[in-house]
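Participant: First the structure, which I've put down as structure tokens, then a few questions once you've had a look.
The values are calculated or read from the model by the stated rules, or taken from the named source; none is laboratory data. Because the structure is a prediction, the values reported are computed rather than measured. No Cβ is skipped: glycine too gets one built from the backbone with ideal geometry, and neighbour counts run over all protein chains shown. We work out accessible area using only protein heavy atoms, side chains counted, and drop any ligands, DNA or RNA first. Shrake-Rupley method; radii C 1.70, N 1.55, O 1.52, S 1.80 Å.
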Amino acid sequence: MTAGSGIIHQEMPKGSNGHMGGLPIMGESPFDAQNEEPRYREVKNEQIPEVMIDKGARIRVISGEVNEKRGPVRDIVVDIEYLDVTMEPGTEFEHAIMKGYRCLPML
């Protein structure tokens, strides 16, 4: 969702067995983009490409790029790289972060 000049938004997720079916990606838009038309985009699970790394990591690319696979979340005002990484115990995954960017690992 891009709030832009204003959007009415309400989240009422319906979970199943303690699991939620969605996760919002939020970022602060630059001031000059805050008057854009609001828009909403839904990304279905089957639209998210998966990359397997030989070290035993599975990466779902939501936004950004890994091994030439681009995620479906594109054309937004802020440059976000969002990866869903699953690893077996004892495996490693290294991914470079561009200068000036931040990484938020979630367990």
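Participant: Asp84 fails exactly one of the following numbered conditions: (1) among the acidic types (Asp, Glu); (2) assigned to a loop (DSSP other than H, G, I, E, B); (3) open to solvent by less than 100 Å² (accessible area, probe 1.4 Å). What is the number of that condition?
Facilitator: (2)
Participant: In addition: Filter region 40-74 down to residues that are in contact (Cβ under 8 Å) with a residue 40 or more places away in the chain and not in a strand (DSSP E or B) and give me whichever is farthest from Arg102 (Cα to Cα). Walk me through how you get there before you give the answer.
Facilitator: Taking region 40-74 and keeping what is in contact (Cβ under 8 Å) with a residue 40 or more places away in the chain, we get 41, 53, 73.
Restricting the remaining residues to those that are not in a strand (DSSP E or B) gives 41, 73.
Numbers: Arg41: 24, Val73: 18 Å.
Applying the filter and picking the extreme gives Arg41.
Participant: Any idea which residue in region 68-81 is nearest to Glu36 (Cα to Cα), counting only those that are modelled with pLDDT of 90 or more and open to solvent by 40 Å² or more (accessible area, probe 1.4 Å)? Show your work before the answer.
Facilitator: Residues of region 68-81 modelled with pLDDT of 90 or more: 68-72.
Right, trim to open to solvent by 40 Å² or more (accessible area, probe 1.4 Å) and you get 68-70.
Numbers: Glu68: 30, Lys69: 29, Arg70: 25 Å.
The extreme case among them is Arg70.
Participant: A follow-up question, please. For region 51-61, give me the residue count where each residue is at pLDDT 90 or above and open to solvent by less than 90 Å² (accessible area, probe 1.4 Å). Spell out how you get there, then give the answer.
Facilitator: As a first pass, look at region 51-61 and keep what is at pLDDT 90 or above: 51-52, 58-61.
Adding the requirement that they be open to solvent by less than 90 Å² (accessible area, probe 1.4 Å) leaves 51, 58-61.
Total meeting the criteria: 5.
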